[in-house]
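Engineer: So that we are looking at the same thing, I have put the structure below in structure tokens.
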Amino acid sequence: MKEELFVSGRNIPNIDPYLNIWHWQIPVYLFLGGLAAGILFFAALFTIMGKEKEMPAAVRTAPIIAPIALILGLFALFLDLKHKLFFWQLYTTIRIESPMSWGAWVLMAITPLSMLWVASYVKELVPGWNWKYRLLENFETFIIKYRLWMAWMIIVLSVILGIYTGILLSAFNARPLWNTSILGPLFLVSGMSTGAATILLMSKSKEERRTMSWIDLLLIVVEIFFITHLIMGMKAGSQVQIDAVSLFLGGQFTVSFWVFVILLGLVFPAILEIVERLGYHIPVVIPVVLILLGGLMFRFIMVEAGQITRYLY
């Protein structure tokens, strides 16, 4: 009998039986990044539209959450890094074809801009606020003077940030569930929905709540459409894509996806907002919390399920 020795690259820790290197830090980072992008988008949009007075929560109050969410999200991403002391090397080059490079530079730009945005409204938010130093007072005057220009920069960067949270996954060609062009727009709309829900919760104006409720309802409809498109596209694809989406259609993520993301995270909040519009009182915290939890669960499920899918044919 002739014996032969086969050397294989398989049985690699965290790779076999499936990819298992991304844990809770990544979905938390994606959620917080999308949330911040959504909040900043509406703050900039209503400023450009000249509706600062009609939409005070969207323009002045809710943006306080944005820099906090970005910092916490970056901290979660930092915890996920294997070589933490070398994160600065992302900023030694610009690679147009790299989603990581796009994300690093967009976050570098939008994080300080979000802080400046909040600082420009601090005197309106905190009565009697005094910067104490003349230099800071002059800087605040400068920011307020060019706030509209800052709004244009933020609206562009927030859209890029929201799409990037999905492209970060879709760029992994070896993961069939992630490898779809719809993931970027889907994550963008989901982030805007969580941002709109946050503004809805923080608003004290009846008219502003009504406006944000309609916007959020529209975003939920668009998000359901994108998810439907994602599933149909996968079902019409190759066998590995059919196997990938089967995780949500009878597989191990079926219950969590359809119950926590679709029903509780999208459909039920939409019904509650419609009922509210019909004149029935619904505590605003209920649909808002469901939308936020649904958005978070969506990212956890997509990250976990995507790592399981693979090409073996």
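Throughout, read-outs are computed from the coordinates displayed, never taken from laboratory work. This is a predicted model, so every value here is computed, not measured. All Cβ positions, glycine included, derive from the backbone under ideal geometry; neighbour counts span all protein chains shown.
Engineer: Taking into account only those residues within the range 131-182 that are among the aromatic types (Phe, Trp, Tyr) and over 19 Å from Ile96 (Cβ atoms), which is nearest to the chain's Cα centre (by Cα)?
Structural biologist: Residue satisfying both the conditions and the ranking: Trp178.
Engineer: From the list Phe298, Phe225, which residue is touching a helix residue (DSSP H, G or I) at 6+ places or on another chain (Cβ under 6 Å) and either within 30 Å of Asn173 (Cβ to Cβ) or free of Cβ contacts under 8 Å to residues at least 24 places away in the same chain (or both)?
Structural biologist: The unique qualifying residue is Phe298.
Engineer: Going by what's in this entry, would Ile242 be described as aliphatic (A, V, I, L, M), closer than 30 Å to Ala69 by Cβ and assigned to a helix (DSSP H, G or I)?
Structural biologist: No; evaluated as a whole, the condition is false for this residue.
Engineer: Search the range 46-63 for residues being buried (at least 18 other Cβ atoms within 10 Å of the Cβ) and among the aliphatic types (A, V, I, L, M), and hand back the single one that is farthest from Met108 (Cα to Cα).
Structural biologist: Only one residue fits best here, namely Met55.
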